[in-house]
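Working notes, structure below.
The values are calculated or read from the model by the stated rules, or taken from the named source; none is laboratory data. All figures in this text were calculated on a predicted structure; none of them were measured in a lab. Here Cβ is always computed from backbone atoms with ideal geometry, including for glycine, and neighbour counts include all displayed protein chains.
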Amino acid sequence: MNLKITTWNINSVRLRIAQVGAFLRDHQPDILCLQETKCRDTEFPTADIRKFGYEHIAINGQKGYHGVAIISRLPLSNIDRKAFCEMGDARHISAAIEIANRPVRIDNLYVPAGGDEPDPVINPKFAHKLSFLDEMSHWIDKESFAKESSILVGDLNIAPHENDVWSHKALLPVVSHTPIETDKLKSLIAQGSWIDTLRHFTPMEEKLYTWWSYRAQDWSKANKGRRLDHIWASPALEPHLEGIDILREARGWERPSDHVPVSLRLRF
């Protein structure tokens, strides 16, 4: 049996429901995890999603900000929503599926971007981001993901390696690639014994991006990207990993998100 799971920061699911529909129709993931849905649960376009053939939907929404969702062809169970940093933000949702008589847990996260100034003393948004990562560390310890069949996906808003950004030197002082952030993310990966699946299939010496800024007049020509979107798998799933796909062309669609869909393919 095959399983395809996609993560995508959609930057408003209602604004981009046509893009979501086109992606579901043409690429047919089994599971689509969205971040920055930017709507309350009651406003989520559930009926539209179901018209695309995806009957199972788990939502954690918020008015105008944040928001995450899991859209699935397969039944979802054990749906949970964790609050981080006592902020009341909708930044996490998890659910379980069963494939080949095996339960697989999926956690979908949207880590705070952190603002512009990489100093937690003068920038509360950056302080929030660091606190969020610290809480993730405690959560990973408590949940013992390494002992399960688990997949963690999302816009983690950190490009951890030198070739996850267009210029390591230029971006070292820029939020998303500062040493304190990249060190924390690498520690989370090691702590949970996670497989960073995008780098599992892509050599470290190769550039790898999933996000291109809206500020670039010609994003494709400039190609100043960053790898902010991640899919991690627990060690139990390593024998089943088949490959990854980054749909770069989606950045050039009409009214695009600044992130593109990233998919992991597995075979059981």
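When segment 144-177 is examined, which residues are found to be surrounded by fewer than 16 Cβ atoms within 10 Å (Cβ to Cβ), modelled with pLDDT of 95 or more and either in contact with a Lys or Arg (Cβ under 8 Å, 6 or more places away or on another chain) or among the small types (Gly, Ala, Ser) (or both)? Hits for segment 144-177 are Ser167, Ala170. For Asn78, indicate whether it is within 17 Å of Asp155 (Cα to Cα) and at pLDDT 95 or above. Answer is no for this residue. If you go through segment 163-192 and pick out every residue that is within 19 Å of Leu208 (Cβ to Cβ), in contact (Cβ under 8 Å) with a residue 40 or more places away in the chain and part of a helix (DSSP H, G or I), you end up with 7.
Counting just the residues of segment 89-143 that are in a strand (DSSP E or B) and polar (S, T, N, Q), which one comes out surrounded by the most Cβ atoms within 10 Å (Cβ to Cβ)? Applying the filter and picking the extreme gives Asn108. Of the listed requirements (1) of a type in the set (Asp, Glu); (2) touching a helix residue (DSSP H, G or I) at 6+ places or on another chain (Cβ under 9 Å); (3) under 26 Å from Ile17 (Cβ atoms), Asp80 misses just one: (2).
Listed here are the residues, each with its yes/no results for (1) closer than 28 Å to Phe84 by Cα; (2) in a strand (DSSP E or B).
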| site | (1), (2) |
| --- | --- |
| Ile5 | yes, yes |
| Ser12 | yes, no |
| Leu15 | yes, no |
| Gln19 | no, no |
| Asp26 | no, no |
| Pro29 | no, no |
| Lys38 | yes, no |
| Gly64 | yes, no |
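Listed by first and then second residue, the pairs linking a residue in segment 73-87 that is without any contact (Cβ under 8 Å) to a residue 24 or more places away in the chain and on the phi < 0 side of the Ramachandran plot to a residue that is basic (Lys, Arg) and exposed (fewer than 13 other Cβ atoms within 10 Å of the Cβ), with Cβ atoms under 7 Å apart and 6 or more places separating them unless they lie on different chains, form an empty list.
Looking at segment 197-227, which of the residues that are of a type in the set (Val, Ile, Thr) and more than 19 Å from Pro256 (Cβ to Cβ) is farthest from the chain's Cα centre (by Cα)? Here the answer is Thr202. Applying the condition of being within 18 Å of Asn163 (Cβ to Cβ) and touching a residue at least 60 places away in the same chain (Cβ under 8 Å) to segment 233-268 and asking which residue is nearest to the chain's Cα centre (by Cα) yields Val262. Within this structure, Ile180 fails the test of being surrounded by 17 or more Cβ atoms within 10 Å (Cβ to Cβ) and either among the hydrophobic types (A, V, I, L, M, F, W, C) or under 22 Å from Met87 (Cα atoms) (or both).
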